[in-house]
2 protein chains.
Amino acid sequence: MRRLLSGCIVAASLCIVFALEQPSPEWMSQGVIALNHSLNARMHPAPVTAVKVTEGFWAIRRKSGAERMLPGLLDLMEEHGLVDNFRRVAGKKNVPRKGRATSDADVYQWIEAAAWFLASPEGSVAPDRQRIQARLDGLITDVLAAQDASGYLNTFFSAEKTHLRLTDPVHSGEDYCLQHLIQAAIADYRATGDRRLLEASIRFSDNILATFGPTKRPLATGYPGLEMALVELYRTSGETKYLDFSRYLLSGVDRDRLHLKDSEIHSMFSGKPFTSHTEFEGQVIRALNAASGATDFLAESGDPAYRHALDLLWSDLTLRKLSITGGVATQSGGEFFAAPYDIPNGANSEPCSAVASVAWSFRMLALTGEARYADVLEQSLYNGALAGGSTASRLACYRTFLGANAERIRGANPDADCCPLSAEVLTESLSGYLYATSRDGLYINLYNSSELNWHLEDDVGIKLTQTTDYPWDGEVKLALHPEKPVQFTLHLRWPSWASSAELSVNGNRIPVESGPGTYIPITRTWQPGDNVRLEFPMQTVSMRANTRVSGLYGKIAVLRGPLVYVLEQNEQAAAPHSDIFIRVNGPGTAEFHKEMLGGITVVKYPGFAAERAALDQPLYENATAIYGRNRRSITLTLIPYSSVGNRDVGQIEVWMPAIRAQETQPLGSANHGLDDRQLIQ
Amino acid sequence: MRRLLSGCIVAASLCIVFALEQPSPEWMSQGVIALNHSLNARMHPAPVTAVKVTEGFWAIRRKSGAERMLPGLLDLMEEHGLVDNFRRVAGKKNVPRKGRATSDADVYQWIEAAAWFLASPEGSVAPDRQRIQARLDGLITDVLAAQDASGYLNTFFSAEKTHLRLTDPVHSGEDYCLQHLIQAAIADYRATGDRRLLEASIRFSDNILATFGPTKRPLATGYPGLEMALVELYRTSGETKYLDFSRYLLSGVDRDRLHLKDSEIHSMFSGKPFTSHTEFEGQVIRALNAASGATDFLAESGDPAYRHALDLLWSDLTLRKLSITGGVATQSGGEFFAAPYDIPNGANSEPCSAVASVAWSFRMLALTGEARYADVLEQSLYNGALAGGSTASRLACYRTFLGANAERIRGANPDADCCPLSAEVLTESLSGYLYATSRDGLYINLYNSSELNWHLEDDVGIKLTQTTDYPWDGEVKLALHPEKPVQFTLHLRWPSWASSAELSVNGNRIPVESGPGTYIPITRTWQPGDNVRLEFPMQTVSMRANTRVSGLYGKIAVLRGPLVYVLEQNEQAAAPHSDIFIRVNGPGTAEFHKEMLGGITVVKYPGFAAERAALDQPLYENATAIYGRNRRSITLTLIPYSSVGNRDVGQIEVWMPAIRAQETQPLGSANHGLDDRQLIQ
């Protein structure tokens, strides 16, 4: 490992800052997840400190995050007394404890987000950096002061509740708070090298390890997540006891000693052997985080039983339960998995579920190097997760819907939910998801204008500049600057949504032999100044669900690139309060609107508007009746789902009832002789 | 009032048994609900004792109920110790208490069902009558022996739980058990004149009235239902204190004294003024029973605030929340109202919800005389409620679905649910729903072969014979035998599903001026031996939901007469494990199959079968892809929904994805110039 410092060489008429040959400290070389020493992981993510998001899609959202969400969320937590909870325990303030029992985790998530912000090269710009660094320092000082001499640290189980500490850890949420303490501490360490919070999290972890285990008191995670945090603590500290304890938690061996009910095991997705799971059930976030923890454990252990269970769960999620926006549809009004294929338009999902999907799919991707995991990562990231934040305000979502009628989905209260914090952690750490090295070269997992300042695994330094308007446009330009000519494979992700790809190196067209949903490997001796041009022609496409999704029959959703589009009432001024139908085959066109919602590409799509069914209309009527009265052609304007709900409250629809246009080609050829025409062939 | 005894006159070559002029006892003249003295009720239902269901649809189902369900359910309750609970309290048996805390209500519902069976003239046939009478007598003796000297009667709050009696009546279920005790006692009294159980229920009610009330301890019904039972107790006993207490419960005035949470009021649909409700929410059965109680109260009080609230609730139920089978769709996995218009194919509902809908719509019908309430009564009765029982076994349903994939919906355990008992009470009391008198004449609310032996409200005796194969066939023949020529209006219900009606009196065609969803009034001087022939041409029709029901877009259900039809996998042997589509406009044809499921009319409908989406097929695919591969025309065979789930477990669908047949007429004329063809126009 080496730390890239300063230096300058002239190559291809560019001045490139280069590294002196000087080892970089361990903390600076660790990625969002530190797989450097994980024998079973194919990818080793480049650290946040090595990637600068320079401009474009994510630069705008990260700027908004740093300027509004990050300070705004801490302001709100201060207003709600969540930081005072720590000051209270430390004796600095005499106030009642406030907030949910697990609100410490919210404070830790803020620390994690702020740390990733500070770790990011572009996060170094004053004055934001100084302000956030100062608030982070103050917060860490407050947290540390609240830690007990035993290492125990939880503001809920203090003062008059001290005697309840760890008396019911399966239901208390203490595990959940410790998870986020560890994750915050690791982020802070990887961002700054500061070990104070890391040592505190180790002391609390050691307190737990001294108390619980197969030969001590029994434990299962009531809120899985501690497993992945402990694996990461093992990776950070090198102490195998944390990996062992994660294995213990995943083993579920202490179910009987804990007297767990089936219903608890069901909802926790914990308390029985992880490897015995064959499908997702129970509370969505717990289950997905359990899968992330198991994937982390698999990366270290290589245990095939885990691989088998994770493969089954991946199929279950992606083939039966994942909404098109990459979130997880839940039972009405709750946070639990709905039945397989029960993914109707009205389904709601937490942005946290898409964030959790990103976390898990990134782990599966790093483990295997298979692009299909990156496809889901991208689907969840650009749609369900991104919808959790807001480009226009500090408002965030706890629930999002694929379709809703005048329901307000954004609120400002961080005390009620952790979703905006999870989304902010993801936004600030996102640079750590873009690039990864492998033994044979370099992977590009996500496209956004950015600079990578890192090294290959044979220690040859490399700087890479990526320039693109992705996801608005499918053209990506790369400029590579290895410190010397070096042979390696550049793996370029071909997203599954792109039906074709064009590739050229130094202006020479190269045939692409792989297909959508793979990585395109380019193996050559790369010279400083080499450039690559990649293009995924971006088209508007309409998608339908397969027939097992009964609730979506006859409906289509519109996508462009990785983005799912949504119909919001705001754009349909010409057809207020209407039933809206969409033509199956478009054609759709795209237009970039710089002034709209922070700059978005809208899609125009042909459709129809009709009088909305009156409130006193019978629920059921003869099927020969026309769907909607006074139907007329209109042009629908759709916006990216990630921008949903930022304006007036109104009708929204991802899945729109489809009508087949007559001018599309006759269906006879594909129709096996039927003399019928279908709405959707 | 007079009791119809014996006598014989010869009229129209028939020997008719007639009444001697002798007053019938009060108990014998009371209908299922006794509205004889209710000033605000338009209809006064003829008593169960006056109506003999002679043959046809309901005769078969009532026979099956009496022979299998009635004895079978008591056997199961004995096996599960629910009757022993009473013997235990009486000191007759030394056994532990078993079953749910509210299982006494199950025993009372059995008593109610058995009493209505014994009240029914055709229920007099030996040997069933003697056996059931004997078991009923034994059961009543056991119940009475368990009553405390104070009047208190509940086997759960006895022995070591005696000190908990009435300590938390809002949550204890004591109200629910008392409701069913009163209803059972009234049924037994109206069937047999035996006052023993009635007096017991009065003693317990008086115990409650002495303890609770505005100037005593506060009460609200945790499980509404006591309100309607108390109104009926007022009607039966003449004591206004029971009506007053019902008014107190409906008033919700003691919310503050009870410290009720909003969430409790929401789920109970009680604890705040009934008249403040504008939409249904919370637990379905509680809410519908609260509405029945409020309707009963309205029939006595005439309070317009109740009428206003009930009108709003009726619209809310029928325009936004009632499934096409007349049950109420619930949130996934629960018993709570789903969101408005959230009535997808996968929605489940309890048969109890359809039974509760029958109870409420019958009350609204009797109150107003408006046939639209009878339409909903019929919809719920012939579909959702009837599906709760079984023609083939004593198995019953707790949940039914409109669509399900290989889910077993019938079980045998009465300990887990009260649905089969509610359905059995309805079946045994059904004869009481058929006929009603009014000041101006006689109403026929439901069609089934039957004999009415009753009198008009001016005391002129009348016997009426109804002969029909309804609901398999729409022809109804009536023979009227008033004891003397008498002028009155015969009100014949024209179901809303029938687009036309043919009517003749004594062979002479009579023009019908009203329309579907009304009562056809025939005012004339009726002579002994007059006959009426009525025909509602019965066609197979396809229905769709309005566009606010997002989850049913593009789907149709098939109905014939009042019956909703369902596709069960059993009939689709030619297309196993297929995706099945149906043609919008049929044509459908009907065939009676005597040997099938106890004798049913099946509907044949044109459709298509295609390879079922593979389990590893992507959830989402390009919308231009064909729905289903290898699609071919098939003839679908559909069965009545009331017979669903009686055979092998397999796929079922009420709402089938629709494909529009090309040969139906072009849509241009109705299409407002659009150049498109639609799946469903």
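The values are calculated or read from the model by the stated rules, or taken from the named source; none is laboratory data. Every value quoted in this text rests on a predicted model; they were computed, and no experiment measured them. In this analysis, Cβ positions are derived from the backbone assuming ideal geometry, glycine residues included, and neighbour counts consider all displayed protein chains. For accessibility, only protein heavy atoms count, side chains too; no ligands or nucleic acids. Shrake-Rupley method; radii C 1.70, N 1.55, O 1.52, S 1.80 Å.
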Legend entry - Listed residue pairs exceeding 19 Å between alpha carbons, taken from A:LYS52/A:LYS477; B:LYS63/B:LYS463; B:LYS463/B:LYS484: B:LYS63/B:LYS463
Inset, instruction - With runs of 4+ DSSP H residues as the only contributors, calculate the mean residue ellipticity of chain A at 222 nm using -39,500 (n - 2.57) per run, divided by the residue total and rounded to the nearest 500. - result: -9000 deg cm²/dmol
Legend entry - Three principal axis lengths of region B:66-220 [C-alpha, angstrom, descending]: 50, 33, 23
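Report, to the nearest whole %, how much of the accessible area of the protein assembly as shown belongs to carbon and sulfur atoms, 1.4 Å probe, protein only. Please list the in-between numbers first.
On the way: 23730 of 46190 Å².
Answer for the protein assembly as shown: carbon and sulfur cover 51 percent of the accessible area.
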Legend entry - Cα-based convex hull, region B:507-603, per residue volume (Å³, whole number): 184 Å³
Inset, instruction - Compute the signed sum of charges (Lys and Arg +1, Asp and Glu -1) over the other residues within less than 14 Å, Cβ to Cβ, of B:VAL231. - result: -3
Inset, instruction - Could you check the simple spin-label distance between B:GLU621 and A:GLU26, using points 7 Å along Cα→Cβ, in nm with one decimal? - result: 5.1 nm
Inset, instruction - Please report, in debye to the nearest 20, how large the charge dipole of region B:145-218 is about its Cα centre when each Lys and Arg carries +1 at its beta carbon and each Asp and Glu carries -1 there. - result: 140 debye
Inset, instruction - Grab the eigenvalues of the alpha-carbon gyration tensor for region A:471-552, scale each by 5, take roots, and send me the semi-axes largest first in whole angstrom. - result: 33, 13, 10
Legend entry - Gain in span if fully extended, B:LYS98 to B:ARG217, counting 0.36 nm per residue against the direct Cα distance: 39.8 nm
Inset, instruction - Let me know the mean shielding of B:284-295 by other chains, meaning the per-residue number of their Cβ atoms within 10 Å of its Cβ. - result: 0
Inset, instruction - Over 32 Å between C-alpha atoms is what I'm after, so list which of B:LYS272/B:LYS555; A:LYS98/B:LYS261; A:LYS98/B:LYS321 land there. - result: B:LYS272/B:LYS555; A:LYS98/B:LYS321
Legend entry - Net charge over other residues, Cβ less than 12 angstrom from the Cβ of A:THR465 (K, R count +1; D, E count -1): 0
Legend entry - Percent RCO, i.e. relative contact order, over chain A, from Cα pairs under 8 Å lying at least 6 residues apart: 12 percent
Inset, instruction - Search the structure for amide H atoms under 5 Å from the amide H of B:ARG629, placed 1.01 Å from N in the peptide plane, and list their residues when 5 or more places away or on another chain. - result: B:GLU611
Legend entry - Only Lys, Arg (+1) and Asp, Glu (-1) charged, at Cβ; region A:170-273 dipole about Cα centre in debye: 160 debye
Legend entry - Amide proton proximity set for A:TYR519, modelled H, under 5 Å, gap of 5+: A:ALA371, A:TRP494
Inset, instruction - Have a look at A:SER172, B:THR547, B:SER353 and report the one farthest towards the positive end of the charge dipole of the protein assembly as shown, computed about the Cα centre with Cβ charges (Lys/Arg +1, Asp/Glu -1). - result: B:THR547
Inset, instruction - Normalise the Cα radius of gyration of region A:530-664 by 2.2 N^0.38 Å (N = residues in it) and let me know the number. - result: 1.16
Legend entry - Residue mean of other protein chain beta carbons inside 10 Å, B:607-618: 3
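Need one number for the protein assembly as shown: average projected area of the convex hull over its C-alpha atoms, nm².
Convex hull of Cα atoms, orientation-averaged projection: 54.2 nm².
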Legend entry - Scaled radius of gyration (Cα, divided by 2.2 N^0.38 Å) that region B:107-157 gives: 1.34
Inset, instruction - For region B:202-352, just run the numbers: alpha carbon Rg, then divide by 2.2 N^0.38 Å, N being how many residues it has. - result: 1.07
Inset, instruction - Tell me which residues come under 5 Å, amide H to amide H, from A:GLN487 once H is placed; ignore anything under 5 positions away on its chain. - result: A:TRP526
Inset, instruction - Taking a cut-off of 16 Å between Cα atoms, list the lysines near A:LYS241, but don't count ones fewer than 8 places away on the same chain. - result: A:LYS216
Legend entry - region B:446-593: C-alpha pair distances exceeding 22 Å, %: 53 percent
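How much accessible area is lost when chains B and A come together, counting both sides, with a 1.4 Å probe, in Å² rounded to the nearest 100?
Buried surface at the B/A interface: approximately 6600 Å².
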Inset, instruction - Could you size up the charge dipole of chain A around its Cα centre, putting +1 on the beta carbon of Lys and Arg and -1 on that of Asp and Glu, and report it in debye to the nearest 20? - result: 300 debye
Legend entry - Alpha-carbon Rg with Dmax, taken over region A:454-512, Å: 13.2, 36
Inset, instruction - Pop out the Kirkwood hydrodynamic radius of chain A from its pairwise C-alpha distances, inverse of mean 1/r, in Å to one decimal. - result: 26.2 Å
Legend entry - 28 Å Cα-Cα reach of B:LYS93 towards lysines, excluding residues that sit fewer than 8 places from it in its own chain: B:LYS161
Inset, instruction - Report the far tail of the P(r) of region B:174-268, meaning the percent of Cα-Cα pairs longer than 23 Å. - result: 24 percent
Inset, instruction - Please compute the net charge surrounding B:MET596, taking Lys and Arg as +1 and Asp and Glu as -1 over other residues with Cβ under 12 Å from its Cβ. - result: -2
Legend entry - Difference of contour (0.36 nm per residue) and Cα-Cα distance, A:THR54 to A:THR523: 166.2 nm
Inset, instruction - Work out which GluC sites (Glu not before Pro) in chain A are exposed loop sites (DSSP not H, G, I, E or B, at most 13 other Cβ within 10 Å) and give the longest gap free of them. - result: A:22-512
Inset, instruction - Find the eigenvalues of the gyration tensor of the Cα atoms of region A:581-644, then list the square roots of 5 times those eigenvalues as equivalent ellipsoid semi-axes, largest first, in whole angstrom. - result: 31, 14, 9
Inset, instruction - Identify, among B:PRO471, B:GLY517, B:HIS481, the residue whose Cα sits farthest towards the positive end of the charge dipole of region B:469-526, taking +1 on the Cβ of Lys and Arg and -1 on the Cβ of Asp and Glu, with the dipole about the Cα centre. - result: B:HIS481
